[in-house]
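Since every read-out is calculated from the coordinates, none of them should be taken as a lab result. Computed from a prediction, not measured in an experiment: that's the story for all the values here. Don't worry about glycine lacking a Cβ; one is built from the backbone with ideal geometry, like all the others, and counts go over all protein chains shown.
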Amino acid sequence: MKHPQTSSSLISLLILLASYTAFAGHGFMSAFGNVEWLSKPGRTPDSAWYHLDTWYEEGQLWLAEMPQEKFQLSLAFAGEKLAEAESMLNVQNTAAAQIATDQYWSYIDRAEQVEMSQGNVELVERLATALLEHQYILTIIYTELPELPLESRSVLREVFTIAQKRYATIANRLPRKKRGALFFKEEEVRWSIEMAIRTDEERK
């Protein structure tokens, strides 16, 4: 015998899934409606003074006394590196864009080290969410880039590949309920990556 509450919950879930399938990724409804976009880049890797920014960021992390502060700074700096990568790809400087994405992963590593040392579920959730949001933003950037050689676009493709693997590892540390809450974002990111890469196939 079915319990009325269980049946009602199942129907609600099916309706929600149908709505997501119909709209997510098509501009009508998105799991990333309130995502914070990338800030404007400061110095970029093509600048002779770029190392000054690196020193400043290292100094800020060294001065941070609380683990949560180091974590937040690491994510903030990671977002700046993606903005730098976008700026460099827009001027077709692939080498500089690669430097920026390498720096991005360095700061993601820093954030993950803090998260793992604290054993704090909230930090795990924040890092997993940040990785999803970064991927989503990059799919939008990817489709808006000017006509670029595959070598340039491969910089972002590599980020997608690594991010998917890193996300899975990090998200697996979440309790089942919190992991489930990220389901729609996970699915939209997968769809967005597929659509972004498909643009290259259509241009051939």
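Just a few scattered comments:
- For region 121-184, a crude dipole built from +1 on the beta carbon of Lys and Arg and -1 on the beta carbon of Asp and Glu, taken about the Cα centre, is about 560 debye to the nearest 20.
- Karplus 3J(HN,Hα) series, Hz, for region 118-130 with 6.51 cos²θ - 1.76 cosθ + 1.60 (x for Gly, Pro): 8, x, 9, 4, 4, 5, 4, 5, 5, 5, 4, 5, 4
- Here the 3J(HN,Hα) profile of region 83-94, calculated from phi with Karplus coefficients 6.51, -1.76 and 1.60 at θ = phi - 60°, is 5, 5, 4, 4, 4, 5, 5, 5, 10, 6, 9, 5 Hz, Gly and Pro shown as x.
- Karplus-based coupling profile of region 139-148, in residue order and whole Hz: 5, 5, 4, 4, 6, 9, 5, x, 4, 10, with θ = phi - 60° in 6.51 cos²θ - 1.76 cosθ + 1.60 and x standing for Gly or Pro.
- Between region 168-182 and region 40-66, the Cα center-to-center distance that results, in Å: 32
- Taking other residues whose beta carbon is less than 14 angstrom from the beta carbon of Glu115, and scoring Lys, Arg as +1 and Asp, Glu as -1, yields +1.
- The packing ranking, built from the mean of other Cβ atoms within 10 Å per residue, places the peptides 147-158, 47-58, 72-83 in the order 72-83, 147-158, 47-58, highest first.
- Under a model in which nothing but the beta-carbon of Lys, Arg (+1) and Asp, Glu (-1) is charged, region 45-203 shows a dipole of about 780 debye around its Cα centre.
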